[in-house]
1. Which of the residues that make up the range A:57-106 are open to solvent by 20 Å² or more (accessible area, probe 1.4 Å), more than 17 Å from the chain's Cα centre (by Cα) and farther than 17 Å from A:Phe12 by Cβ?
2. Does A:Lys146 satisfy the condition of being within 16 Å of DNA strand D (Cβ to nearest atom), facing chain B (nearest Cβ under 10 Å) and open to solvent by 20 Å² or more (accessible area, probe 1.4 Å)?
3. With the structure loaded, tell me whether B:Ile121 is under 30 Å from A:Leu113 (Cα atoms), assigned to a helix (DSSP H, G or I) and more than 7 Å from every other protein chain (Cβ to nearest Cβ) or whether it fails that test.
4. Which of the following residues is over 23 Å from B:Tyr180 (Cβ atoms), in contact (Cβ under 8 Å) with a residue 40 or more places away in the chain and within 16 Å of DNA strand C (Cβ to nearest atom): A:Phe172, A:Phe168?
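The values are calculated or read from the model by the stated rules, or taken from the named source; none is laboratory data. Keep in mind the model is a prediction, meaning the values are calculated, not measured. Here Cβ is always computed from backbone atoms with ideal geometry, including for glycine, and neighbour counts include all displayed protein chains. Accessible surface is based on the protein model in full, side chains and every heavy atom, while ligands, DNA and RNA are left aside. Shrake-Rupley method; radii C 1.70, N 1.55, O 1.52, S 1.80 Å.
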2 protein chains.
Amino acid sequence: MDYEFISGTELFSGLSAEETREILNISYAYTKLFGKEETVFELGSVTSCAAMVLCGSVRVERPDFYGTVSIISTIGPGEMFAEAYAFAHGEKMMVSAVAAEESEILFIDTEALLESGNITILKNFLKDASMKNLRLSRKIVHTSPKTIRGRVLEYFAYLSQNAGGNEFIVPFSRSRMAEYLSVDRSALSAELSKMRREGIIEFEKNRFRLMVSRRVLT
Amino acid sequence: MDYEFISGTELFSGLSAEETREILNISYAYTKLFGKEETVFELGSVTSCAAMVLCGSVRVERPDFYGTVSIISTIGPGEMFAEAYAFAHGEKMMVSAVAAEESEILFIDTEALLESGNITILKNFLKDASMKNLRLSRKIVHTSPKTIRGRVLEYFAYLSQNAGGNEFIVPFSRSRMAEYLSVDRSALSAELSKMRREGIIEFEKNRFRLMVSRRVLT
DNA sequence: GAAAGTATGTTGTTATAACAACATTTTTGA
DNA sequence: TCAAAAATGTTGTTATAACAACATACTTTC
């Protein structure tokens, strides 16, 4: 196992390669190779292991009610997945994970890890979980308005606040942005153009400017 | 401070009243009284403290882009909030928190808490964060279909799977359910009736039965 | 730098949800 | 138990998004 690499990841930050080796040993962590398109986690299964991609990449996907599969995210080297399921204990996975290419995955049993009692890694897990939490909350905030315009405004208000000015870069292609906001791509394009005509926004490629600001009170 | 009560909460589970007192001492935790409608956390502010309601209750709310405030959740005695912000470190709050009545709130500085090095409480935070994570992910899954029917089916499929049969209780009033799914209440009512006419579901008050099942593959 | 591929924008049509106003049922509490 | 209030259901109208099909612009890459 490449402890150098592993100790360099977010999750193991603050730990030396040697400490990393120790922790993984104590908690019976192991790696497994997956061929392209091989399933890492099955939809509806239960796991007590967090997983980290060491080499390759993993697609996280989910079928809708009618069976159409959509990709939720792609996990690359050093990134983790399934840890929320592992710590929450007993919840069925609402996604499946599939190796997008030949991949090596590290499995860490969270029960054993908690036993090990290493505080640094618990801290790191906690920070990771909290950040994921806020990302999810943000997405909910950005997609709860019922109109495309409402969603765009919520999202842009966030980006704008984040950038510290009224100008910002959207870190998505139009299709990805539409996906993120759960709206149709062409409808999004149309709405953006309409908002531009109305003087609410200006844009050029992915650089946007928000010409109005959030109404607070009354 | 009522250490008996605090040690009985989820967050302090596994800790005696005495241990609880110690941890709170070490980490400089303090309580504060809030009058009805007094603000506990301001929208857009930054906190390094997790908060727990000891007495009373707190409304978590958020204004949309046009200023209309909606209630995200209500926090009661023993429940926590703002901990994701505290652990993620430096993120601006996307909600505000207001005392719904005269309330006593416990503030725990997470930096100090991490210093204390108590593993039990870290575990508890981690489990809490993971469970919240899955709840948020689930909500995203339930609201990403573009039609009311799609959302209802996703939600019902979950409830049904959870109940272990095709019959289940919806733990919301119709208005709350509509809110959860981010759709109009009357439109939801209409869609439920339509689905009943089509034989897709049966229901009587909040007891539902799902007559179709998720299509997997092809 | 031409051709192919991909991303983005446009427009018209259709499906669906929001909204509003009201009817009916259920719950509450005096 | 009755009246009032709250929740739920119904229906028609209007606003909006999805969808489809195509035009245009940008980006590979050979």
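1. Listed by number, the residues that qualify are A:Asp64, A:Tyr66, A:Thr68, A:Val69, A:His89, A:Gly90, A:Glu91, A:Lys92, A:Glu101, A:Glu102.
2. So A:Lys146 fits the description; yes.
3. In short, yes.
4. A:Phe168
Let's see how each residue does on (1) within 11 Å of DNA strand D (Cβ to nearest atom); (2) in the same structural domain as B:Ser70 (by TED's automatic domain parsing); (3) open to solvent by 20 Å² or more (accessible area, probe 1.4 Å); (4) assigned to a helix (DSSP H, G or I):
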{"residue": "B:Gly150", "(1), (2), (3), (4)": "yes, no, no, yes"}
{"residue": "B:Glu154", "(1), (2), (3), (4)": "no, no, no, yes"}
{"residue": "B:Tyr158", "(1), (2), (3), (4)": "no, no, yes, yes"}
{"residue": "B:Phe168", "(1), (2), (3), (4)": "no, no, no, no"}
{"residue": "B:Ser175", "(1), (2), (3), (4)": "yes, no, yes, yes"}
{"residue": "B:Ser182", "(1), (2), (3), (4)": "no, no, yes, no"}
{"residue": "B:Ala187", "(1), (2), (3), (4)": "yes, no, yes, yes"}
{"residue": "B:Phe203", "(1), (2), (3), (4)": "yes, no, yes, no"}
{"residue": "B:Arg215", "(1), (2), (3), (4)": "no, no, yes, no"}
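Yes or no, residue by residue, for (1) assigned to a strand (DSSP E or B); (2) at pLDDT below 95; (3) within 9 Å of chain A (Cβ to nearest Cβ):
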| site | (1), (2), (3) |
| --- | --- |
| B:Tyr66 | no, yes, yes |
| B:Ile71 | yes, yes, no |
| B:Thr74 | yes, yes, no |
| B:Ala84 | no, no, yes |
| B:Glu101 | no, yes, no |
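For every residue, the table says whether it meets (1) in a helix (DSSP H, G or I); (2) surrounded by 14 or more Cβ atoms within 10 Å (Cβ to Cβ).
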position: B:Gly165; (1), (2): no, no
position: B:Phe172; (1), (2): no, yes
position: B:Glu179; (1), (2): yes, yes
position: B:Arg196; (1), (2): yes, yes
